[in-house]
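Trainee: Following this message is one structure expressed as C-alpha cells.
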Amino acid sequence: MKSAFNILLVLLVALRVYAEQPRALSSLCSYLNDGKESVSNLSTTKKCFARYMPELENEGASWSQGYSGCQKSATNERQSLLSKVSVTQENIRKAALGLNSFIDHCMAISEAVDFFNCFAKMSKEHLTTVYSISFSASEEAVILNQKLSHIQVEHYLCTNRTEYSYIKSTDQIFQSLDQCLQQNESH
C-alpha cells in the first residue's frame, strides 16, 4: 500500500498540483497509518485508485499535449512573422551597405579638399536613402514589436486555458476519488 501512496505523491508533484491537499490523499494516509483496514477495505481502496489513477494520467497527458500545442503555435507564428519581414530587412541591409561603400570610398581619399567634397556630396545624394532607411526600420520595428506582443499574449491565453482545464478536470477526478474512498471508509 505504501507504493500506492508513493505513486500518488509522485503524480501530484509531477502534475504540478500544489493546491489544497485533496481529501483522497488524506484518506489514503489515514488508511496507511491506522493499520485497521480490513481486507475488503483494502480491496475497495485499490479499486478506487485503479479507477481514478488512469483518469488522472489521461488528464496529465492532455495537459501536456495542450501546452505543447500552445508552444508550437507560438513558435510557428513567430517564425512566419520573422520570415515575412526578411525581405524588408534585406532591402534595408542593401541600402545601408550602399551607404557604407560610399563612406568607405570617401574615407579612402587622402587629399583634404576631395575628402570633404566627397562627404558633402554624400549628404546631398544620400540624404533620402538615410531617411528612407530610418523610416522603414522604425516603422517595421513598431509593427514587428506589436505583432510579437500579440503572439505572446495569445500564447499566454492558450497556456492559461490549458492549465485551467487541467486543474478543473483533476479537481473533479480527485473529488470522485475522495467520494469513493469515503464510501469505503463508511463501510
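Every number in this text was worked out from the coordinates using simple rules, so none of it is lab data. All values derive from a computational prediction rather than experimental measurement. Neighbour counts are summed over all protein chains in view; Cβ atoms, including those assigned to glycine, are modelled from backbone coordinates with ideal geometry.
Trainee: When a footprinting reagent is the concern and you count Cβ atoms within 10 Å, what order do Leu56, Leu99, Leu127 take, fewest first? Could you put the intermediate results ahead of the total?
Mentor: Details: Leu56 20, Leu99 14, Leu127 10.
Ranked by crowding around the Cβ, least crowded first: Leu127, Leu99, Leu56.
Trainee: Okay, next question. Taking the Cβ of Cys70 as the center, what net charge do the other residues with Cβ under 12 Å away carry, scoring Lys and Arg +1 and Asp and Glu -1? Please list the in-between numbers first.
Mentor: Working: positive: Lys72, Arg161; negative: Glu77, Glu154, Glu163.
Summing Lys and Arg as +1 and Asp and Glu as -1 gives -1.
Trainee: Given labels modelled 7 Å from the Cα in the Cβ direction, how far is it in nm from Ile103 to Arg78?
Mentor: About 3.1 nm separates the two model spin labels.
Trainee: Follow-up question, since we're still on this one. Which of Asp114, Asp171, Asp178 comes first, and how do the rest follow, when ranked by fewest Cβ neighbours within 10 Å? Walk me through the intermediate numbers first.
Mentor: On the way: Asp114 10, Asp171 15, Asp178 19.
By the 10 Å Cβ count, ascending, the order reads Asp114, Asp171, Asp178.
Trainee: Then there is this: How much net charge surrounds Tyr52 when only the other residues with a Cβ under 11 Å from the Cβ of Tyr52 are counted, with Lys and Arg +1 and Asp and Glu -1?
Mentor: Working: positive: Lys47, Arg51; negative: Glu55, Glu57, Glu59, Asp178.
Every neighbour counted, the sum reads -2.
Trainee: Can I ask one more? Per residue of region 67-80, in order, report the coupling 6.51 cos²θ - 1.76 cosθ + 1.60 (Karplus, θ = phi - 60°) as ³J(HN,Hα) in whole Hz, putting x for Gly and Pro.
Mentor: My calculation for region 67-80 gives 5, 4, x, 4, 4, 5, 4, 5, 5, 5, 5, 4, 4, 5 Hz in order.
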